[in-house]
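Read the structure below first, then the notes.
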Amino acid sequence: MRYYVMTLFPEMIMEGMHTSIIGRAMDRGLLSLEAVNIRDFAEPQRKSRIDDYPYGGGAGMVMQAEPVYRTWESIVGKIGRKARCVYLTPAGRVFDQPLARELALEEDLIFLCGHYEGIDERVVEEIVTDQVSIGDYVLTGGELAAMVVMDAVSRMVPGVLTNELSGLDESFSGSLLEYPQYSRPEKKKKKEVPQILLSGHHQNVDRWRREQSIRRTLERRPELLEKAELDKKDRKYLQELLANREEM
């Protein structure tokens with residue numbers, strides 16, 4: 001997977017991504033990242049300024065179309081073809097695990113990080129293939145959002161995670177939250193690890209974890225259950241939980 005990020009703060013992207021699991025994956029050549037400074041493509045007479053006042057008036061400034069387009073053009077020239085271009089914006093589709101899996105199938109991804117009051121709509125219409133939001137709130141720029149998306153997508157790239165199954169068996173896999181996890185010691189401040197996890201009976205452990213995922217999702221994110229992949233045993237357990245709720 002090769003990432004290209006169009007940004008006003010390339011150092012923020014590079015420093016933020018070269019850490020932990022993602023950084024090690026880059027060192028192993030499984031991922032690559034290039035942050036391209038949009039200011040480098042500003043008009044020479046403007047001395048790296050890439051913003052201007054919006055037509056129609058209003059507060060704030062707007063990123064101009066031409067520097068953004070030239071930045072994108074330089075990346076496409078390097079790749080040798082047009083690649084999927086993701087614009088991070090509150091007006092976009094809300095990012096989720098299915099979209100992370102979808103984007104992980106690409107060989108190259110281009111990200112566009114906005115600032116100020118936004119980006120000239122003409123260049124957005126011309127180069128952007130996906131508009132993506134990481135939530136219903138506003139950030140000072142798209143860099144943090146781009147890093148969130150790249151982190152989630154990278155976990156789906158084969159070889160990035162040490163355990164090949166861990167990218168699948170996590171929160172939001174099958175639209176369920178992840179089950180609770182425990183490690184040593186067995187007893188901590190009078191709280192013990194559930195005995196079933198010490199039993200060595202893998203089938204029972206798997207069933208317990210599945211039920212805990214359903215319980216946790218019902219308690220914390222019940223709306224996810226509407227699209228969860230539940231089998232007959234899951235549905236029976238869910239009905240029991242709901243019945244117990246009604247009795248309380």
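The values are calculated or read from the model by the stated rules, or taken from the named source; none is laboratory data. Every value quoted in this text rests on a predicted model; they were computed, and no experiment measured them. As a convention, Cβ positions derive from the backbone with ideal geometry for all residues, glycine included, and neighbour counts pool all protein chains shown.
Take TYR69 and tell me if it is at pLDDT 95 or above and crowded, with 19+ Cβ neighbours inside 10 Å.
Against the criterion (at pLDDT 95 or above and crowded, with 19+ Cβ neighbours inside 10 Å), TYR69 does not qualify.
Anything in the range 38-55 that is surrounded by fewer than 18 Cβ atoms within 10 Å (Cβ to Cβ) and in a strand (DSSP E or B)? List them, or say none. Talk me through it step by step, then tell me what you get.
Keep residues of the range 38-55 that are surrounded by fewer than 18 Cβ atoms within 10 Å (Cβ to Cβ), which gives 39-40, 43-49, 52-55.
Passing the criteria: only ASP52.
Is it the case that the range 28-35 has a residue that's outside any helix (DSSP H, G or I), surrounded by fewer than 17 Cβ atoms within 10 Å (Cβ to Cβ) and in contact with an Asp or Glu (Cβ under 6 Å, 6 or more places away or on another chain)? If you could, list the steps in order and put the result at the bottom.
Of the range 28-35, the ones outside any helix (DSSP H, G or I) are 28-35.
Then drop every residue that is not surrounded by fewer than 17 Cβ atoms within 10 Å (Cβ to Cβ), which leaves 28-30, 32, 34.
Keeping just the survivors that are in contact with an Asp or Glu (Cβ under 6 Å, 6 or more places away or on another chain) gives none.
No; the residues of the range 28-35 include none that is outside any helix (DSSP H, G or I), surrounded by fewer than 17 Cβ atoms within 10 Å (Cβ to Cβ) and in contact with an Asp or Glu (Cβ under 6 Å, 6 or more places away or on another chain).
Going by what's in this entry, would ILE13 be described as surrounded by 13 or more Cβ atoms within 10 Å (Cβ to Cβ), assigned by TED's automatic domain parsing to the domain that holds GLU121, touching a Ser or Thr at 6+ places or on another chain (Cβ under 6 Å) and closer than 22 Å to ARG101 by Cβ? Spell out how you get there, then give the answer.
Numbers: surrounded by 13 or more Cβ atoms within 10 Å (Cβ to Cβ): yes; assigned by TED's automatic domain parsing to the domain that holds GLU121: yes; touching a Ser or Thr at 6+ places or on another chain (Cβ under 6 Å): yes; closer than 22 Å to ARG101 by Cβ: no.
It is false that ILE13 is surrounded by 13 or more Cβ atoms within 10 Å (Cβ to Cβ), assigned by TED's automatic domain parsing to the domain that holds GLU121, touching a Ser or Thr at 6+ places or on another chain (Cβ under 6 Å) and closer than 22 Å to ARG101 by Cβ.
Each row is one residue, and each column tells you yes or no for (1) loosely packed, with under 14 Cβ neighbours inside 10 Å; (2) at pLDDT 95 or above; (3) small (Gly, Ala, Ser); (4) in contact with a Pro (Cβ under 9 Å, 6 or more places away or on another chain).
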site	(1), (2), (3), (4)
ASP206	yes, yes, no, no
GLU211	no, yes, no, no
ILE214	no, yes, no, no
LEU218	no, yes, no, no
ARG221	no, no, no, no
LYS227	yes, no, no, no
ASN244	yes, no, no, no
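Would you confirm, using the coordinates I've provided, whether GLY58 is without any contact (Cβ under 8 Å) to a residue 60 or more places away in the chain, under 30 Å from THR162 (Cα atoms) and part of a loop (DSSP other than H, G, I, E, B)?
Working: without any contact (Cβ under 8 Å) to a residue 60 or more places away in the chain: yes; under 30 Å from THR162 (Cα atoms): no; part of a loop (DSSP other than H, G, I, E, B): yes.
Criteria not met by GLY58.
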